[in-house]
Amino acid sequence: MQDKTPHGDSGKRAADRPRDLIKPHRQTFFGGLWSSFLAGIVVIAPIGITAAIVYWFVTGPMTRLDTFVKNFLPAGDGNVETLTRAIPGFGVFIAIIAIVLLGAFAKNFIGRAFIRVGEEVFDSVPVVRTFYRFFKNVFETALQQSDRSFKEVALVEYPRPGAWVMSFVVGETKGEVKEILNETGDQLTSIFVPTVPNPTSGFLLFVPRSQLKPLTMSVEDAAKVVFSLGLVMPESPSSEEAVQRLESAAA
């Protein structure tokens, strides 16, 4: 008996049959060992590197600073001197107290006067002036107050409409830039658009506040996104957490 089914129908049924486009992967014994080895590396590498850095810092710079400060301690009672020199980290503790007192002195009128005199001395020496200004700018930028740090994270259309990038909100635009650009009456905001994966460089933009789409993620989470090329993306927070983050950013 001949099959009267048209060839077109049989071809159609053959095409409708499910095909295994992706074959299930069966892990071998050695593949499982390799996967476990990589998982162990992920666990032990951050712990080992962190422990090595802490050990190097404690046994290296901290020890040298401790010895350096202890050598400048005035000689006095033999027992007290022996005790202070035998206590690990006592010199570091004294150095921290000295830095705090120096900072408190630098914030008053007399301290600022001494600092200005010292800066004039450094500025009078050509080579020393360059190094002093460089390190001063570095530390002032790294240790800036919280009101000058990044406030929040927002999306902005850049460099063309339809393309969005992640930006860090610096704050309200002030000064001459605000006077020249604030013609529309909309609040201008200074934002920093980092490059990926090196966020130490980027672009400083002055945009109207209405063109920003604020995100609830923290600045730390946004930095992780930039460093990981978008591979590490934080989950959306709950409504309560989102409100708290937005309120803290606006404060």
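Name the residues in the stretch 170-180 that are more than 13 Å from G202 (Cβ to Cβ) and part of a strand (DSSP E or B), would you? I'd like the intermediate steps shown before the answer.
First, pick out the residues of the stretch 170-180 that are more than 13 Å from G202 (Cβ to Cβ): 171-180.
Hits for the stretch 170-180 are G171, E172.
So, restricting to helices (runs of 4 or more DSSP H) that lie completely within the stretch 1-108, which ones have at least 3 residues that are at pLDDT 85 or above? Walk me through how you get there before you give the answer.
On the way: elements: 7-16, 29-59, 61-71, 78-86, 90-106.
The helices (runs of 4 or more DSSP H) meeting that bar are 29-59, 90-106.
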### Message
Tell me the residue from F134, F139, F114 that is surrounded by 11 or more Cβ atoms within 10 Å (Cβ to Cβ), among the aromatic types (F, W, Y) and over 17 Å from A223 (Cα atoms), please.
### Response
F114
### Task
Could you tell me whether A154 is assigned to a helix (DSSP H, G or I) and of a type in the set (G, A, S)?
no
### Task
Mind counting the residues in the stretch 209-240 that are surrounded by 15 or more Cβ atoms within 10 Å (Cβ to Cβ), in contact with a helix residue (DSSP H, G or I) (Cβ under 9 Å, 6 or more places away or on another chain) and either free of Cβ contacts under 8 Å to residues at least 24 places away in the same chain or not aliphatic (A, V, I, L, M) (or both)?
4
### Query
Name the pairs: first residue in the stretch 176-203 and in contact (Cβ under 8 Å) with a residue 40 or more places away in the chain, second residue hydrophobic (A, V, I, L, M, F, W, C) and surrounded by fewer than 14 Cβ atoms within 10 Å (Cβ to Cβ), Cβ to Cβ under 9 Å, at least 6 apart or on different chains?
F192/F203; F192/L204
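The values are calculated or read from the model by the stated rules, or taken from the named source; none is laboratory data. The shown structure was predicted, so the numbers you read here are calculated from the model rather than taken from an experiment. All Cβ positions, glycine included, derive from the backbone under ideal geometry; neighbour counts span all protein chains shown.
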